[in-house]
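One structure is given below, encoded as structure tokens.
Coordinate-derived values only; no laboratory data. What you are looking at is a predicted structure, and each value in this text was computed from that prediction instead of being measured. Cβ coordinates were reconstructed from backbone atoms using ideal geometry, including for glycine residues, and neighbour counts include every protein chain displayed.
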Amino acid sequence: MAELAMCVDVSKCTGCRGCQVACKQWNGLPAVKTGFSGSYENPPRIGGDTWTRVRFIEKEDSGKMRFLFRKEQCMHCTEASCQAVCAAGAIQKTDRGMVVFNDDRCVGCKNCVVACPFRAIGLSEETGSSRKCRFCYERIENGMEPACAKACPTGAISFGDRGKMLTQAKQRVSDLRGLGVNARVYGENELGGLHVIYVLDDEPEIYGLPANPRAATAGLFDNWLHALAGVGVVAFAPFWLIFRERGKAPDKSAGTEVDGNA
Amino acid sequence: MTNHYIDLKNTDCALIIGSNAAENHPMSFKWLTKAREERGARIISVDPRFTRTSAKADIYAPIRSGTDIAFIGGMINYILRNRMFNEAYVRKYTNAAFIIDDRYDFKDGIFSGYDSKSRKYSSDTWKYKTDSAGQPLKDETLQHPRTVFQLLKKHYSRYDIDTVCRITGTPKGVYMEIADTYAATGARGKAGTILYAMGATQHTVGSQNIRSYAMLQLLLGNIGVPGGGINALRGEANVQGSTDMALLFHLIPGYLNLPSAAPQYATLASYLETETPKTGYWSNKPKFMVSLLKAFWGPNATKDNEFAYQYLPKIDPQVNYSHISVFEALYEEKIKGMFCFGQNPVVGGPNANKEAKALGNLEWLVCVDLWETETSTFWTEKAGARPADIKTEVFLLPAASSVEKEGTVSNSGRWIQWRWKAIEPVNDAKSDGWIINSLFKRVKKLYENESSPAAAPIKHLLWDYGDSDEPDIDKVAREINGYNVFTGKQVPGFAKLSDDGSTCSGNWVFCGMYPEAGKNLSQRRDNTDEGGLGNCLNWSYSWPANRRILYNRCSADYEGRPWSDDSKLIWWDPAKGDILKGEKGKWVGLDVPDFNAVLAPAEPGGTNPFIMLPETVGGLFTTKMKEGPFPEHYEPWESPVNNSLSGVQLNPVVKVPKTAMNEQGSPDRFPIIGTTYRVSEHWQAGQMTRNLPWLAELFPDMFVEMSESLAKARGIKNGDKVVISCARGEITTYALVTKRFKPLLINGKQVEEVGLPWHFGYQGIATGEIANKLTPHIGDGNTMIPEYKAFLVDVRRAV
């Protein structure tokens, strides 16, 4: 069967966050207790109970104000770091390109959480297992689009055959370039091909996306375990730090960005 | 909206002013995004703050709150000076060619006919010059110095770009870009739409703000065409419906004026004489009025008793019954009891401290809501009150939500859409219909044995919506449409209503929605879009007469041909007339003609598209507005600067509040402009969203948005707690320091503006201080809509 993908066109996103709420509603996720975040962004990060959210970025380019919005969620990578580092075998890839977690097998070790180059996985306090976007697979199986795509009022989120999504994204990029927008597709080849394709109207780093994301591998993880065993310490932090650094985009907009993620 | 939501996809340019459409009407951006993608439409956002709408706009311009007339007046001047208006349209479809009375004048901010003592105008001099037969004199060359066109030109010649930018704070470069971009929609076959909301209406000059938009649209030929129009994005899902059904203090259903106790309304005959114009479609008003009275009082409304006209309550002509006035009367202990249906004035009302205090003067208060609100708990310690001091007895009736009841909702585009009940109401919650029906049946019973004149209207009211407590909503719908009272047959449309008492209709504009038994057109769900404009004529029902775009005769030229192939809406087809009936042709096309369907363009009146106005052409000049024929810029009640355009600071006809708890702030003490607004994530006074965890997590707290420069000057950091003070009180909240607010240069002086979402209160999950504690009790000159959008504050760090 053909692979599926979601296309997120940031140039059409109005940041209404209907997708955030629709995701929680369809998946029955509890609300997170949040506080004033200093921006429109909330909850402050993706987690086991928040599978998608919109990032808000304020930017000024030679006096011209920009207010950018990007919906973030699991990218359903072909080279899925989460799957590579999962010792419990709880993570599988479907033949349609989706990365799915098996709650029953997950032991809550958080390896996947730290290995994800997009920081799109979290541990649910409710279930004690890692959870993330599942592309609403029961909806897809029944011929519907994911809840976030359904809720999107402007058509910024579309879903379907990956080939079609790519064609659509490329056409849109070409249209935007025709209007002088510095547009590009993100996700075509990154990590073997993502199943969330972005139409970006600027460089990925501005939107908090790594320009060249790299996958974590099981081999690397084993090396770390040996090293840790050698010193007799079960320490998580160094591993977490390394992958965090690997996943982190160089922040080109530093100094001008008001980012509730901080 | 003269047009409708889907029609936004047909626009070439959208001017969004006084509206944050992307945040507060997200669906509008479905269609605007389409217009952009498929037609290369341009989107302009004019707002004091860079919003999520601005983020999606091609051009953004900052504007100081309360200066829309200066902004639009400058555009009118620019368009007239550079002859960028749609000349063919203006010449015939507006009153530009009409000649005005010699006595009409305008000097230093004041039109002729002003009485400074009463703060009122007499409109005696705002008249057309007429010939001996009473017909208006015209000069279609538009050259005569007393034509509307020349007077308009003269009036706005003072609104040169430099002056305008000094008033609005808009940088000149971007102002010129907007003027040029929007004026381009004046070209033949091009369309521009204006989207506005409460950012435009909630001002002391709110009505004139909207009128200035409408005039700009007339000049550019943008009314009555696909992708054009003057489009109010209404503040709630059913505000349009509630307005149509007269949830306004001066109207009865169908935009008929409520009679007052003045002599001209003493009898039905004198009411109709006073209210019915001789020309235009409103000349049918007696049919609508009598049919309404028949709907109210049924068999008890007869020709002999003036169709029960005397049963209608008459308002006191000296008293204003608007929201502010009601709360002032409450404060002065003039009102004993109050029903609050889905309203939360302690959060949503202006001058909320005063309104909360005023509630304590009630003997009883009934709140009907989904949750406990700040209004139903105004007497608690949580509200800062001392319960022992408050004698008001408060009842809270749990209301069914919109998915727990059946009925109609009319959207901003005038589409009346039936909604079916999805689930039963939770616990004891009841529909509004249930509550009103049960209440009125009980009231009626109480008056059963009364014989006083006051009892008659209640005893005789026709109230036959079934025996159960839940009213038969289908029967209500049938009555709103109207039926023949002898045969019981539904009236097929308002043209068939009669003033002889043979028909009833609860609202003439809805007549046609339920044209025959079993055919409730508001239930239609066929989205076939013939012609591709999105008019979808078989989807629900659009009043009047299922028209999707009002004044659509304007979409065709004098001869009845579409202005361009790209903008086809309706046109005259000489082949379509019924020869046997002597018809020379027919108006046909992609919408229901808003015109006599068989009146040929060449016949008298054949080029007069505005059939609801007595002069049947668009009113660039009007006698209907209390401040004068042309919108003029005045400063808000609390303003940091003096009026640059005249010596008149404040709208000369507004009622200046001189009541307690409503102090006016001065710019020396309160130098910063305050404004209020909404966010996508919360709804109105918040009772429906602050109680929902998924929405509460998105915006869990109240905040104030301010510029980096203001924050720096006051030593405030993003996330600090700050105090916002005004002459009427202060609130403490979080600072959201943002690049999206910038100081404006007003008359050479740097002026800061801060913005507060007004959703918050102390009830529910997401809580915060009430922004409306800062807004004043002063209303618009025509409507008394409160000034929520421009007031003076100061900001300091909370200790």
Counting other Cβ atoms within 10 Å, keep those with at most 15, restrict to DSSP loop, and tell me which trypsin sites (Lys or Arg not before Pro) in region B:705-734 are left.
B:LYS717
Please state the charge dipole magnitude for the protein assembly as shown, taken about the Cα centre, from unit charges on C-beta atoms (+1 on K and R, -1 on D and E), reported in debye and rounded to the nearest 20.
1200 debye
Cα-based shape type of region B:672-797, given that a ≥ b ≥ c are square roots of the gyration tensor eigenvalues and the cut on a/c is 1.5
oblate
Under a crude label model (7 Å from the Cα following the beta-carbon direction), how far is B:GLU140 from B:ASP316 in nanometres?
5.2 nm
What fraction of the DSSP beta bridges in region B:672-797 is antiparallel, stated in percent and rounded to the nearest 5?
60 percent
What value does region B:398-489 have for Rg/Rh, both radii from Cα atoms and Rh as Kirkwood defines it?
1.04
Using the Karplus curve 6.51 cos²θ - 1.76 cosθ + 1.60 with θ = phi - 60°, what ³J(HN,Hα) values do you get for each residue of region B:178-189, in whole Hz, with x for Gly and Pro?
5, 4, 5, 5, 6, 4, 4, 6, x, 5, 4, x
Just grab the label-to-label distance for B:ALA88 and B:THR243, each label 7 Å out from Cα along the Cβ direction, in nm (one decimal).
3.1 nm
Extend 7 Å from the Cα of A:ARG214 along its Cα-to-C-beta direction; within region A:111-148, residues with backbone N under 20 Å of that point are A:111-120
Please list, in chain and number order, the residues 5+ apart from B:CYS340 or on another chain whose amide H is under 5 Å from its amide H, with Hs placed from the backbone.
B:VAL366, B:CYS367, B:VAL368
Would you mind telling me the antiparallel percentage of the DSSP bridges in the protein assembly as shown, rounded to 5?
60 percent
Taking only pairs that are 8 or more places apart or on different chains, how many Lys pairs in region B:513-592 have Cα atoms under 27 angstrom apart?
6
In region A:69-123, what trypsin sites (Lys or Arg not before Pro) fall in a loop by DSSP, with at most 13 other Cβ atoms inside 10 Å?
A:ARG105
Which percentage, to the nearest 5, of the DSSP beta bridges contained in region B:6-237 is antiparallel?
35 percent
What lysines sit close enough to B:LYS117 to cross-link, taking a C-alpha to C-alpha distance under 19 Å and skipping anything fewer than 8 places away on the same chain?
B:LYS107, B:LYS626, B:LYS655, B:LYS658
In region B:332-368, which trypsin sites (Lys or Arg not before Pro) fall in coil by DSSP and have 13 or fewer other Cβ atoms within 10 Å?
B:LYS334, B:LYS336
Segments A:207-217, B:211-221 sorted - mean Cβ within 10 Å per residue, highest first:
B:211-221, A:207-217
Skipping prolines and chain starts, which residues have an amide H placed within reach, meaning under 5 Å, of the one on B:LYS519, given they are 5 or more residues away or on another chain?
none
Length gained when the stretch B:LEU580-B:ASP474 is fully extended (0.36 nm per residue, less Cα-Cα span):
34.2 nm
Intensity falloff of chain B expressed as log10 I(q)/I(0), Debye formula with alpha-carbon point scatterers, at q = 0.10, 0.11 Å⁻¹:
-1.17, -1.45
Any chance you could run the full-extension gain for B:ASP467 through B:GLU381? It's 0.36 nm times the residue separation minus the Cα-Cα distance, nm to one decimal.
26.7 nm
For each of B:HIS323, B:HIS633, count neighbouring Cβ atoms within 10 Å of the residue's Cβ, then give the residues from fewest to most.
B:HIS323, B:HIS633
What does the highest-first list of A:137-149, B:669-681, B:419-431 look like by mean Cβ count within 10 Å?
B:669-681, A:137-149, B:419-431
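Provide, as a two-decimal number, the C-alpha radius of gyration of the protein assembly as shown over 2.2 N^0.38 Å, N being how many residues it has.
Compactness ratio reported: 0.99.
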For region B:95-102, Karplus-derived ³J(HN,Hα) couplings (6.51, -1.76, 1.60; θ = phi - 60°; whole Hz; x for glycine and proline) come out as 8, 4, 7, 5, 9, 9, 2, 4
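Which of B:THR503, B:THR51, B:THR528, A:THR167 comes first, and how do the rest follow, when ranked by fewest Cβ neighbours within 10 Å?
Exposure proxy ranking, most exposed first: B:THR528, A:THR167, B:THR503, B:THR51.
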Mind checking which lysines have their Cα closer than 25 Å to the Cα of B:LYS721? Skip sequence neighbours fewer than 8 apart in that chain.
A:LYS33, A:LYS59, B:LYS354, B:LYS382, B:LYS712, B:LYS739, B:LYS742, B:LYS773, B:LYS789
If amide hydrogens are placed 1.01 Å from N in the peptide plane, which non-local residues have theirs closer than 5 Å to the one on A:ALA216?
A:SER81
What nm distance separates the two modelled labels at B:ASP565 and A:MET144, each placed 7 Å from Cα along Cα→Cβ?
4.4 nm
Would you mind giving the mean number of other chain beta-carbons within 10 Å of the Cβ of each residue in A:152-164, as a whole number?
2
Rounded to whole Å and ordered largest first, report the semi-axes of the equivalent ellipsoid of region B:65-109 derived from its Cα gyration tensor (root of 5λ).
21, 19, 9
Other chains' Cβ within 10 Å of B:21-32 residues: what's the mean?
4
How shielded is A:7-16 by partner chains, expressed as the average number of their Cβ atoms within 10 Å of its Cβ atoms?
5
If you take the square roots of the eigenvalues of the alpha-carbon gyration tensor of region A:33-185 and sort them as a ≥ b ≥ c, do you get rounded (a/c under 1.5), prolate (a/b over b/c) or oblate?
oblate
In whole Hz and in residue order, list the ³J(HN,Hα) couplings for region B:327-342 that follow from phi through the Karplus curve 6.51 cos²θ - 1.76 cosθ + 1.60, θ = phi - 60°; x for Gly and Pro.
6, 5, 5, 4, 4, 8, 6, 9, 10, 8, x, 8, 9, 10, 8, x
